[in-house]
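Engineer: Pasting a structure below so you can have a look.
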Amino acid sequence: MGLFSNKIGLVMGVANDHSIAWAMSEALYAEGAELAFTHLPTPSGERRVKRLLEPHAPKLVLPCDVQNDADIARVFEAVRGVYERLDFLVHSIAFAPPAEIRRPYLDTSRAGWHLAMDISVYSLVAVCREAAPLMPEGGAIVTISYFGGEKVMPGYNVMGVCKAALEHSVRYLAWDLGRERKIRINAISAGPMRTLSSAGISDFDQMRDHAARKSCLNRNVAPAELGTTGLYLLSHLSNGVTGELIHVDCGYSIVGL
Ligand code: 0WD
């Protein structure tokens, strides 16, 4: 019996095998979870994700653009149709046009700001609202943030402001989802990982090298370490924990240097 035997989860945000959502999925599969997935509705996105998931033969792999309410509604209807309930949800989605991320925050365009906030922050609110009715006995939700939401990280710009909004959304959602529905929601603040989306951040490799040198453990985080923290936050092991931001960054964020 694994920690997640008989548990059903939806994972949103696997782009390829480097995705943080994939590290979590591998950890969840290893503990016996049943997983459904969404991917960006592009032919290349679908191909990549389906190839990756083939060995696990998930029952549901659905296209979903989180900017589109009808897409979101369709996903949760499909989950209801196949499983009738959800025990947990992984939200691992963010986007801003690379040109907007590279720009000083002062120069963010109105359209770029709205787009980044819509995909990276509002999407969490929208999917929580749809997931909640599928979690009548309670449930657990996790999203992924970055230290640039707490402190100024040069080069992270508009995405830093999105992460600040995401982290505070987690707190408000923890209240709204917790009082009656007993659904928990937490965020992981991940150290820098080489993924498709981090490729849009200028000087990312320098940020990674710096993070390793400054961290208490003198190294960067491994994807599997995000996976196991995901296991903790999505399982009964963290039943008393909600609205939290857990740093999985080898201690980078506690050092003042
Ligand atoms: O260093 C890093 N990579 C860190 C990432 C450090 C700390 C936090 N994070 C966060 C990201 O900001 C994001 O919230 O972790 C989350 C996952 O990011 P990731 O695993 O680094 O990136 P990636 O593998 O690219 O997955 C993000 C996915 C998208 O991938 P692509 O590259 O195809 O855009 O977010 C999804 C998409 O699958 N996504 C969307 N999904 C639905 N609708 C949308 C959308 N409109 N836009 C992006």
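The values are calculated or read from the model by the stated rules, or taken from the named source; none is laboratory data. On a predicted model such as this, the values are computed, not experimentally measured, just so you know. All Cβ positions, even for glycine, are placed from backbone atoms using ideal geometry, and neighbour counts span all protein chains on display. Only protein heavy atoms, including side chains, enter the accessible area calculation; ligands, DNA and RNA are left aside. Shrake-Rupley method; radii C 1.70, N 1.55, O 1.52, S 1.80 Å.
Engineer: In the range 17-32, how many residues are of a type in the set (Ser, Thr, Tyr) and either out of contact with any Phe, Trp or Tyr (no Cβ under 9 Å at 6 or more places or on another chain) or more than 13 Å from the ligand (Cβ to nearest atom) (or both)? Full working, then the answer.
Structural biologist: As a first pass, look at the range 17-32 and keep what is of a type in the set (Ser, Thr, Tyr): 19, 25, 29.
Now restrict to residues that are either out of contact with any Phe, Trp or Tyr (no Cβ under 9 Å at 6 or more places or on another chain) or more than 13 Å from the ligand (Cβ to nearest atom) (or both): 19, 29.
So the count comes out to 2.
Engineer: Among (1) in contact (Cβ under 8 Å) with a residue 12 or more places away in the chain; (2) open to solvent by 20 Å² or more (accessible area, probe 1.4 Å), there is one condition residue 142 misses while meeting the rest; what is its number?
Structural biologist: (2) is the only condition that residue 142 fails.
Engineer: Taking the conditions exactly as written (open to solvent by 30 Å² or more (accessible area, probe 1.4 Å) and either modelled with pLDDT under 95 or near the ligand (Cβ under 8 Å from one of its atoms) (or both)), does residue 52 satisfy them or not?
Structural biologist: No, not satisfied.
Engineer: Cβ-Cβ under 6 Å, sequence separation 6+ or interchain: first residue in the range 232-245 and within 16 Å of residue 182 (Cβ to Cβ) and open to solvent by 10 Å² or more (accessible area, probe 1.4 Å), partner charged (D, E, K, R) and not in a loop (DSSP other than H, G, I, E, B). Which pairs?
Structural biologist: Qualifying pairs under 6 Å: 242/184; 243/171.
Engineer: So is residue 105 among the aromatic types (Phe, Trp, Tyr), under 25 Å from residue 222 (Cβ atoms) and free of Cβ contacts under 8 Å to residues at least 60 places away in the same chain or not? Walk me through how you get there before you give the answer.
Structural biologist: Details: among the aromatic types (Phe, Trp, Tyr): yes; under 25 Å from residue 222 (Cβ atoms): no; free of Cβ contacts under 8 Å to residues at least 60 places away in the same chain: yes.
No, not satisfied.
Engineer: Scanning for something part of a helix (DSSP H, G or I), near the ligand (Cβ under 9 Å from one of its atoms) and in contact with a helix residue (DSSP H, G or I) (Cβ under 9 Å, 6 or more places away or on another chain), does the range 172-186 turn up at least one residue?
Structural biologist: no
Engineer: Run residue 47 past the list (1) within 16 Å of the ligand (Cβ to nearest atom); (2) open to solvent by less than 60 Å² (accessible area, probe 1.4 Å) and report the number of the one that doesn't hold.
Structural biologist: Condition not satisfied by residue 47: (2).
Engineer: Within the set of pairs 6+ apart or on separate chains, which have a first residue in the range 61-72 that is touching a residue at least 12 places away in the same chain (Cβ under 8 Å), a second that is among the small types (Gly, Ala, Ser) and within 8 Å of the ligand (Cβ to nearest atom), and C-beta atoms under 6 Å apart?
Structural biologist: Going by the 6 Å Cβ cut-off, the qualifying pairs are 66/123.
Engineer: Taking the condition under 21 Å from residue 230 (Cα atoms) and open to solvent by less than 70 Å² (accessible area, probe 1.4 Å), does residue 78 pass?
Structural biologist: no
Engineer: State all residues of the range 1-16 that are near the ligand (Cβ under 9 Å from one of its atoms) and open to solvent by 10 Å² or more (accessible area, probe 1.4 Å); if no residue qualifies, say none. If you could, list the steps in order and put the result at the bottom.
Structural biologist: If we filter the range 1-16 for residues that are near the ligand (Cβ under 9 Å from one of its atoms), which is where we start, we get 12-16.
Of everything in the range 1-16, those that are near the ligand (Cβ under 9 Å from one of its atoms) and open to solvent by 10 Å² or more (accessible area, probe 1.4 Å) turn out to be 13, 15, 16.
Engineer: Separate question: Does the range 87-140 hold any residues that are more than 19 Å from the chain's Cα centre (by Cα) and polar (S, T, N, Q), and which are they?
Structural biologist: Scanning the range 87-140 gives 108, 109.
Engineer: When the residues of the range 145-164 are narrowed to those that are farther than 23 Å from residue 219 by Cβ and open to solvent by 30 Å² or more (accessible area, probe 1.4 Å), which ends up farthest from the ligand (Cβ to nearest atom)? Spell out the reasoning first.
Structural biologist: Start the filter on the range 145-164 by keeping residues that are farther than 23 Å from residue 219 by Cβ, which leaves 152, 157-162, 164.
Within this subset, residues satisfying the condition of being open to solvent by 30 Å² or more (accessible area, probe 1.4 Å) are 152, 157, 161, 164.
On the way: 152: 16, 157: 13, 161: 12, 164: 12 Å.
This residue is 152.
Engineer: Residue under question is residue 181, and the condition is that it be surrounded by fewer than 15 Cβ atoms within 10 Å (Cβ to Cβ), more than 30 Å from residue 44 (Cβ to Cβ), of a type in the set (D, E, K, R) and in contact (Cβ under 8 Å) with a residue 24 or more places away in the chain; does it hold? Walk me through how you get there before you give the answer.
Structural biologist: Numbers: surrounded by fewer than 15 Cβ atoms within 10 Å (Cβ to Cβ): no; more than 30 Å from residue 44 (Cβ to Cβ): yes; of a type in the set (D, E, K, R): yes; in contact (Cβ under 8 Å) with a residue 24 or more places away in the chain: yes.
So residue 181 fails the test.
Engineer: Can you name every residue in the range 204-216 that is surrounded by 13 or more Cβ atoms within 10 Å (Cβ to Cβ) and in a loop (DSSP other than H, G, I, E, B)?
Structural biologist: 215
Engineer: If you scan the range 208-231, which residues turn out to be among the small types (Gly, Ala, Ser) and out of contact with any Gly (no Cβ under 9 Å at 6 or more places or on another chain)?
Structural biologist: 222, 224, 227, 230
Engineer: Answer with yes or no whether residue 94 is touching a residue at least 40 places away in the same chain (Cβ under 8 Å), of a type in the set (Gly, Ala, Ser) and surrounded by fewer than 17 Cβ atoms within 10 Å (Cβ to Cβ).
Structural biologist: Judged against the criteria, residue 94 is not a match.
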